[in-house]
1. What single numbered condition from (1) part of a helix (DSSP H, G or I); (2) open to solvent by less than 60 Å² (accessible area, probe 1.4 Å); (3) farther than 30 Å from C17 by Cβ fails to hold for H47?
2. Considering only region 66-80, state which residues are open to solvent by 70 Å² or more (accessible area, probe 1.4 Å) and modelled with pLDDT of 85 or more.
3. Please tell me if R58 is of a type outside the set (A, V, I, L, M, F, W, C), in contact (Cβ under 8 Å) with a residue 24 or more places away in the chain and on the phi > 0 side of the Ramachandran plot.
Amino acid sequence: MSCVPVMDDGDEACANCGKQGSDTVVLKNCTACRLVKYCGVDCQRAHRKQHKKACKQRAAELEDEQLYGQGLERPEGDFCPICTLPIPLPMDTHSTFNSCCAKQICNGCNMATQKRG
């Protein structure tokens, strides 16, 4: 048995026994990975050894998607306007404030401009 979603003519089937879903047979998703469906707890337990590896991998992928999808990004002011790299945290020790342009410049770009004169 494979651990990919089982589709047969547009209808879904139990990953273990192959029973088609209908009005009387309600198939339930694997709660961890949501890849496969089962007609009952007995089929889910019987198929566990075959499905365990794929399930853990997909569950980790779903968790990563959730974490990376939270939208936590650094604001535009956290990037050096010269080299466009993010300024390491804590920013006050790794950058200087230029009053002429009111920008935070990373220490690398600041040192390079001082060497150039």
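1. Answer for H47: the failing condition is (3).
2. F79
3. no
The values are calculated or read from the model by the stated rules, or taken from the named source; none is laboratory data. Keep in mind it's a predicted model, so treat the numbers as computed, not measured. Note that we place each Cβ from the backbone using ideal geometry, even for glycine, and neighbour counts take in every protein chain shown. Heads up: the accessible areas ignore ligands, DNA and RNA and are worked out on the full protein's heavy atoms, side chains in. Shrake-Rupley method; radii C 1.70, N 1.55, O 1.52, S 1.80 Å.
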